[in-house]
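Before any comments, here is the structure.
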Amino acid sequence: MSNEWINVDVLRGQLANFFIDSKGDLTKFGSTINQIFEAFVLASIASLYKNNGWNVCAINPQSPDKDKQNIFRLKFSTRGRPSNYTYIECSKGDRVIQIRHQLRVGTKFHKQKNWPPANVCLDVAVIEPEDDIEFYRTKDHLDNTKLITFAEAKHMSAFAELIAGFIGLVHEIQPRRLKCIRRGTWLKSKQEHPAPFLYVSGILYHTAKGLKNTIIKRKYDIDIYTGTEHLSAKMPLPKKDAPKKTKKE
(Lines give C-alpha, C1' and ligand atoms only; values in the text may rest on other atoms or scores of the structure.)
Protein backbone atom coordinates (compact mmCIF):
# COMPACT_ATOMS: atom_id res chain seq x y z
CA MET A 1 0.00 0.00 0.00
CA SER A 2 1.25 3.50 -0.89
CA ASN A 3 0.44 4.89 2.57
CA GLU A 4 3.01 2.61 4.19
CA TRP A 5 5.86 5.11 3.75
CA ILE A 6 4.10 8.10 5.42
CA ASN A 7 3.40 8.42 9.13
CA VAL A 8 -0.13 9.78 8.76
CA ASP A 9 -0.71 10.45 12.47
CA VAL A 10 2.46 12.54 12.76
CA LEU A 11 1.60 14.36 9.52
CA ARG A 12 -1.89 15.27 10.74
CA GLY A 13 -0.39 16.64 13.98
CA GLN A 14 2.20 18.57 12.00
CA LEU A 15 -0.54 20.20 9.92
CA ALA A 16 -2.63 20.98 13.00
CA ASN A 17 0.35 22.75 14.57
CA PHE A 18 1.03 24.76 11.43
CA PHE A 19 -2.60 25.86 11.06
CA ILE A 20 -3.17 26.22 14.80
CA ASP A 21 -4.48 29.80 14.50
CA SER A 22 -7.11 28.59 12.03
CA LYS A 23 -8.71 26.32 14.62
CA GLY A 24 -8.72 23.49 12.11
CA ASP A 25 -9.20 20.08 13.70
CA LEU A 26 -7.39 17.01 12.39
CA THR A 27 -10.30 15.90 10.21
CA LYS A 28 -10.09 19.08 8.12
CA PHE A 29 -6.90 17.97 6.39
CA GLY A 30 -8.60 15.40 4.20
CA SER A 31 -10.16 11.96 4.51
CA THR A 32 -7.63 10.14 2.30
CA ILE A 33 -3.85 9.99 2.33
CA ASN A 34 -3.82 11.69 -1.09
CA GLN A 35 -5.73 14.67 0.32
CA ILE A 36 -3.56 14.83 3.43
CA PHE A 37 -0.45 14.94 1.24
CA GLU A 38 -2.00 17.78 -0.79
CA ALA A 39 -2.60 19.68 2.45
CA PHE A 40 1.02 19.01 3.41
CA VAL A 41 2.31 20.52 0.15
CA LEU A 42 0.10 23.58 0.68
CA ALA A 43 1.50 23.98 4.20
CA SER A 44 5.06 23.41 2.95
CA ILE A 45 4.96 26.30 0.50
CA ALA A 46 3.38 28.52 3.17
CA SER A 47 6.14 27.45 5.57
CA LEU A 48 8.76 28.37 2.97
CA TYR A 49 7.40 31.91 2.73
CA LYS A 50 7.22 32.15 6.51
CA ASN A 51 10.85 31.05 6.82
CA ASN A 52 11.78 33.74 4.28
CA GLY A 53 10.34 36.54 6.39
CA TRP A 54 6.77 36.75 5.15
CA ASN A 55 3.83 37.10 7.53
CA VAL A 56 1.57 34.11 6.87
CA CYS A 57 -2.10 33.93 7.78
CA ALA A 58 -4.92 31.52 6.81
CA ILE A 59 -8.07 33.31 5.64
CA ASN A 60 -11.15 31.21 6.29
CA PRO A 61 -14.61 31.45 4.68
CA GLN A 62 -17.79 31.97 6.65
CA SER A 63 -20.01 29.01 7.40
CA PRO A 64 -23.37 28.91 5.61
CA ASP A 65 -25.10 28.66 8.99
CA LYS A 66 -26.84 31.55 10.70
CA ASP A 67 -23.92 32.11 13.06
CA LYS A 68 -21.64 33.01 10.09
CA GLN A 69 -18.51 31.86 11.91
CA ASN A 70 -15.27 31.50 9.97
CA ILE A 71 -14.40 27.86 9.28
CA PHE A 72 -11.23 26.15 8.10
CA ARG A 73 -11.98 24.26 4.87
CA LEU A 74 -9.49 23.11 2.24
CA LYS A 75 -10.49 22.53 -1.38
CA PHE A 76 -9.87 18.92 -2.40
CA SER A 77 -11.82 19.05 -5.65
CA THR A 78 -11.61 20.83 -8.99
CA ARG A 79 -15.19 21.93 -8.42
CA GLY A 80 -16.37 24.62 -6.03
CA ARG A 81 -16.27 28.40 -5.70
CA PRO A 82 -12.87 29.64 -4.41
CA SER A 83 -14.66 31.90 -1.92
CA ASN A 84 -15.98 28.84 -0.08
CA TYR A 85 -12.52 27.64 0.90
CA THR A 86 -9.54 28.61 3.03
CA TYR A 87 -6.58 30.33 1.40
CA ILE A 88 -3.29 31.62 2.77
CA GLU A 89 -2.31 35.27 2.68
CA CYS A 90 1.38 36.21 2.80
CA SER A 91 2.61 39.77 3.33
CA LYS A 92 6.01 41.42 3.48
CA GLY A 93 6.17 45.21 3.67
CA ASP A 94 3.60 46.51 1.19
CA ARG A 95 3.62 43.27 -0.85
CA VAL A 96 0.71 40.83 -0.51
CA ILE A 97 0.27 37.48 -2.24
CA GLN A 98 -2.13 34.57 -1.85
CA ILE A 99 -1.63 30.80 -1.82
CA ARG A 100 -4.69 29.04 -3.19
CA HIS A 101 -5.66 25.37 -3.19
CA GLN A 102 -7.13 23.75 -6.34
CA LEU A 103 -7.48 27.04 -8.22
CA ARG A 104 -8.42 27.13 -11.89
CA VAL A 105 -5.94 29.23 -13.92
CA GLY A 106 -5.94 30.11 -17.60
CA THR A 107 -3.07 28.82 -19.73
CA LYS A 108 -0.50 31.20 -21.15
CA PHE A 109 -2.04 30.68 -24.58
CA HIS A 110 -5.69 31.23 -23.64
CA LYS A 111 -7.43 34.21 -25.24
CA GLN A 112 -10.74 35.70 -24.10
CA LYS A 113 -12.34 34.80 -27.42
CA ASN A 114 -11.38 31.14 -27.00
CA TRP A 115 -14.25 28.70 -26.52
CA PRO A 116 -14.13 26.38 -24.80
CA PRO A 117 -11.63 28.16 -22.54
CA ALA A 118 -8.12 26.78 -22.00
CA ASN A 119 -7.47 26.49 -18.27
CA VAL A 120 -6.11 24.06 -15.69
CA CYS A 121 -6.98 23.47 -12.03
CA LEU A 122 -3.65 23.67 -10.17
CA ASP A 123 -3.09 21.81 -6.89
CA VAL A 124 -1.39 24.87 -5.36
CA ALA A 125 -1.23 28.33 -6.94
CA VAL A 126 0.62 31.41 -5.65
CA ILE A 127 -1.10 34.47 -7.06
CA GLU A 128 -1.33 38.23 -7.00
CA PRO A 129 -4.50 39.27 -5.10
CA GLU A 130 -7.57 39.44 -7.33
CA ASP A 131 -10.71 41.09 -5.92
CA ASP A 132 -13.01 39.42 -8.44
CA ILE A 133 -12.00 35.94 -7.27
CA GLU A 134 -14.61 36.17 -4.52
CA PHE A 135 -17.27 36.10 -7.24
CA TYR A 136 -15.76 33.23 -9.27
CA ARG A 137 -17.99 30.29 -10.04
CA THR A 138 -16.75 26.70 -10.34
CA LYS A 139 -15.78 27.04 -14.01
CA ASP A 140 -14.29 30.55 -13.82
CA HIS A 141 -10.52 30.85 -14.03
CA LEU A 142 -7.84 33.32 -12.94
CA ASP A 143 -6.02 35.23 -15.66
CA ASN A 144 -2.58 33.76 -16.27
CA THR A 145 -0.87 37.12 -15.67
CA LYS A 146 -1.89 36.94 -11.99
CA LEU A 147 -0.07 33.63 -11.40
CA ILE A 148 3.32 33.86 -9.66
CA THR A 149 4.19 30.19 -9.32
CA PHE A 150 2.47 26.85 -8.75
CA ALA A 151 2.89 23.29 -7.52
CA GLU A 152 1.52 19.82 -8.17
CA ALA A 153 1.25 17.22 -5.38
CA LYS A 154 1.26 13.49 -6.15
CA HIS A 155 1.08 10.82 -3.46
CA MET A 156 3.15 8.25 -5.30
CA SER A 157 6.65 7.47 -6.45
CA ALA A 158 7.56 9.12 -9.74
CA PHE A 159 8.25 7.50 -13.07
CA ALA A 160 9.65 9.37 -16.07
CA GLU A 161 6.24 9.90 -17.68
CA LEU A 162 4.95 11.74 -14.60
CA ILE A 163 7.82 14.22 -14.73
CA ALA A 164 7.42 14.61 -18.50
CA GLY A 165 3.74 15.38 -17.92
CA PHE A 166 4.69 18.06 -15.40
CA ILE A 167 7.08 19.66 -17.91
CA GLY A 168 4.16 19.74 -20.34
CA LEU A 169 2.00 21.46 -17.73
CA VAL A 170 4.71 24.08 -17.16
CA HIS A 171 4.83 24.66 -20.94
CA GLU A 172 1.09 25.39 -20.95
CA ILE A 173 1.06 27.55 -17.81
CA GLN A 174 4.45 29.32 -17.60
CA PRO A 175 6.54 28.43 -20.69
CA ARG A 176 9.16 31.05 -19.79
CA ARG A 177 10.34 28.66 -17.08
CA LEU A 178 11.68 26.36 -19.81
CA LYS A 179 13.95 28.91 -21.47
CA CYS A 180 17.24 28.01 -19.82
CA ILE A 181 17.28 30.76 -17.18
CA ARG A 182 19.20 29.07 -14.35
CA ARG A 183 22.76 30.20 -14.87
CA GLY A 184 26.02 30.68 -12.95
CA THR A 185 25.63 30.84 -9.19
CA TRP A 186 21.83 30.59 -9.21
CA LEU A 187 20.56 29.59 -5.76
CA LYS A 188 17.00 28.67 -4.82
CA SER A 189 17.52 30.33 -1.44
CA LYS A 190 18.09 33.68 -3.20
CA GLN A 191 14.74 33.62 -5.01
CA GLU A 192 11.74 35.52 -3.65
CA HIS A 193 9.35 32.84 -4.88
CA PRO A 194 9.93 29.12 -5.44
CA ALA A 195 9.97 27.85 -9.00
CA PRO A 196 7.04 25.70 -10.14
CA PHE A 197 7.53 22.26 -8.64
CA LEU A 198 6.26 18.71 -8.59
CA TYR A 199 6.24 17.14 -5.12
CA VAL A 200 5.92 13.35 -4.88
CA SER A 201 5.58 11.63 -1.53
CA GLY A 202 7.66 8.63 -2.53
CA ILE A 203 10.89 8.25 -4.48
CA LEU A 204 12.07 8.81 -8.03
CA TYR A 205 12.35 5.62 -10.05
CA HIS A 206 15.48 5.09 -12.11
CA THR A 207 14.20 6.67 -15.33
CA ALA A 208 12.65 9.56 -13.39
CA LYS A 209 16.06 10.31 -11.88
CA GLY A 210 17.51 10.34 -15.38
CA LEU A 211 14.87 12.79 -16.59
CA LYS A 212 15.42 15.03 -13.56
CA ASN A 213 19.14 15.11 -14.38
CA THR A 214 18.40 16.33 -17.90
CA ILE A 215 16.14 19.05 -16.44
CA ILE A 216 19.08 20.30 -14.40
CA LYS A 217 21.40 20.20 -17.42
CA ARG A 218 18.86 22.12 -19.50
CA LYS A 219 18.62 24.66 -16.65
CA TYR A 220 14.83 24.63 -16.59
CA ASP A 221 13.41 26.80 -13.82
CA ILE A 222 11.41 24.01 -12.22
CA ASP A 223 12.02 21.64 -9.32
CA ILE A 224 11.17 18.09 -8.28
CA TYR A 225 10.78 17.26 -4.58
CA THR A 226 10.39 13.84 -3.00
CA GLY A 227 9.75 12.28 0.37
CA THR A 228 13.44 12.73 1.18
CA GLU A 229 14.12 16.06 -0.61
CA HIS A 230 11.97 18.61 1.19
CA LEU A 231 10.73 21.99 0.02
CA SER A 232 10.79 23.51 3.50
CA ALA A 233 13.34 22.44 6.11
CA LYS A 234 10.77 23.09 8.85
CA MET A 235 8.12 20.93 7.16
CA PRO A 236 9.74 17.56 6.42
CA LEU A 237 7.47 14.74 5.33
CA PRO A 238 7.24 12.35 8.32
CA LYS A 239 8.16 8.83 7.25
CA LYS A 240 7.31 5.56 8.90
CA ASP A 241 10.15 3.64 10.46
CA ALA A 242 11.34 0.80 8.27
CA PRO A 243 10.32 -2.58 9.64
CA LYS A 244 13.05 -4.26 11.59
CA LYS A 245 14.60 -7.26 9.95
CA THR A 246 14.54 -10.44 11.96
CA LYS A 247 17.37 -12.93 11.96
CA LYS A 248 16.67 -16.10 10.09
CA GLU A 249 16.55 -19.22 12.22
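The values are calculated or read from the model by the stated rules, or taken from the named source; none is laboratory data. If you're wondering where the values come from, they're calculated on a predicted model, not measured in any experiment. When we count neighbours, we look across all protein chains shown, and the Cβ atoms used for this are built from the backbone with ideal geometry, even at glycine.
What to note about this one:
- Here Arg100 meets each of (1) surrounded by 21 or more Cβ atoms within 10 Å (Cβ to Cβ); (2) touching a helix residue (DSSP H, G or I) at 6+ places or on another chain (Cβ under 6 Å) with one exception, condition (2).
Residue-wise test of (1) more than 17 Å from the chain's Cα centre (by Cα); (2) surrounded by fewer than 14 Cβ atoms within 10 Å (Cβ to Cβ); (3) aliphatic (A, V, I, L, M).
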{"position": "Ala46", "(1), (2), (3)": "no, no, yes"}
{"position": "Lys50", "(1), (2), (3)": "no, no, no"}
{"position": "Pro64", "(1), (2), (3)": "yes, yes, no"}
{"position": "Phe76", "(1), (2), (3)": "no, no, no"}
{"position": "Gly80", "(1), (2), (3)": "yes, no, no"}
{"position": "Tyr85", "(1), (2), (3)": "no, no, no"}
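- Residue ID - surrounded by the fewest Cβ atoms within 10 Å (Cβ to Cβ), chosen from residues in the stretch 196-219 that are in a loop (DSSP other than H, G, I, E, B) and at pLDDT 95 or above: Tyr205
- Filter result for Asp132 (acidic (Asp, Glu) and free of Cβ contacts under 8 Å to residues at least 24 places away in the same chain): yes
- Output for the stretch 164-185, where each listed residue is outside any helix (DSSP H, G or I) and either at pLDDT 95 or above or touching a Cys at 6+ places or on another chain (Cβ under 6 Å) (or both): Gln174
- The stretch 147-163 - residue that is in contact (Cβ under 8 Å) with a residue 40 or more places away in the chain and outside any strand (DSSP E or B) and, of those, surrounded by the fewest Cβ atoms within 10 Å (Cβ to Cβ): Met156
- Subset of the stretch 61-89 [over 16 Å from Ile133 (Cβ atoms), at pLDDT 90 or above and of a type in the set (A, V, I, L, M, F, W, C)]: Leu74, Phe76
- Residue count, the stretch 90-117 (criterion: of a type in the set (D, E, K, R) and within 18 Å of the chain's Cα centre (by Cα)): 2
- Selection status of Val124, part of a strand (DSSP E or B), closer than 22 Å to Pro61 by Cβ and among the β-branched types (Val, Ile, Thr): yes
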